[in-house]
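Below you'll find the structure, written out as structure tokens, and then a few comments.
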Amino acid sequence: MKFFIDTANLEQIKEAQALGVLDGVTTNPSLMAKEGITGQENILKHYVNICSEVTGDVSAEVISTDFEGIIREGEALAALHSQIVVKVPMIKDGIKAIRYFSEKGIKTNCTLVFSAGQALLAAKAGATYVSPFIGRLDDISTDGLNLIDEIRVIYDNYEFDTQILAASVRHTMHILECAKIGADVMTGPLSAITGLLKHPLTDSGLAKFLEDHKKGN
Ligand code: E4P
């Protein structure tokens with residue numbers, strides 16, 4: 001399972017990269033705004049900065065919602081760096097654009113996916129990644145993990161190459177359950193990744209080992 005960090009915060013990206021378990025980064029317009037990155041020039045510069053901190057794929061989202069606009073923006077984003085994956089919303093023109101990018105060899109991440117039918121369309125259009133937002137489904141009392149399960153079955157039935165990128169991951173249990181179902185990738189906050197480290201028996205066991213070592217010396 002690949003681990004992506006879902007942030008535009010360079011410090012957190014560096015911290016996750018230093019852990020040695022990071023496979024990529026996802027961003028979105030809200031995450032860029034949260035870091036105060038505004039204006040086209042700054043946004044593009046920030047994507048390049050992120051790419052220079054990590055070795056894997058970096059999703060950069062288009063703002064346009066019409067085919068021509070998505071193509072224009074997506075091609076400019078893809079030209080920025082070889083690690084850029086063009087993030088395209090799950091709308092009619094988005095699907096057309098994903099097909100176009102796929103034929104041009106440009107990687108895509110189909111975002112804002114909330115149903116198995118949408119995921120099926122994204123795979124048929126040739127998306128590199130599909131991003132079902134599990135946390136946002138949980139927020140409206142719908143089982144987000146069930147969606148991951150459904151997509152896994154459909155993609156396996158037809159051997160689609162599109163990778164399931166479980167998005168809107170909020171905590172460690174989301175990561176574990178997605179791993180059990182067989183999501184290819186998860187993207188979440190640094191807190192969910194580092195949360196996997198924690199166990200009270202590890203802490204108490206280590207404290208005892210260190211104490212005993214001191215006694216013996
Ligand atoms: C995915 O790529 C999105 O950036 C993200 O996972 C959305 O998560 P949120 O629901 O926590 O905003």
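Taken together, the values in this text are just the output of simple stated rules run on the coordinates, not laboratory data. No experiment lies behind these values; they were computed from the predicted model shown. Here the Cβ positions follow ideal geometry from the backbone for every residue, glycine too, while neighbour counts run over all protein chains shown.
Worth a mention:
- Neighbour-count order for Leu206, Leu147, fewest beta carbons within 10 angstrom listed first: Leu206, Leu147
- Shown here are the Rg and Dmax of the Cα trace of segment 1-74, at 12.8, 40 Å.
- Counting every C-alpha pair in the chain, the share spaced more than 22 angstrom apart comes to 52%.
- Ranked for footprinting exposure by Cβ neighbours inside 10 Å, fewest first, Met186, Met32 give Met32, Met186.
- For Glu177, Glu159, order by how many other beta-carbon atoms lie within 10 Å, fewest first: Glu159, Glu177
- Dividing the mean sequence gap of close Cα pairs (under 8 Å, 6+ apart) by how many residues the chain holds gives a relative contact order of 16 percent.
- Rg ratio (alpha-carbon, reference 2.2 N^0.38 Å) - segment 113-171: 1.04
- Positive-end extreme of charge dipole, the chain - chosen from Thr108, Thr26, Ser141 (charges on Cβ): Thr26
- Whole-angstrom gap from segment 195-217 to segment 39-66, using each part's C-alpha centre: 42
- With eigenvalues of the C-alpha gyration tensor scaled by 5 and rooted, segment 147-211, Å: 33, 12, 8
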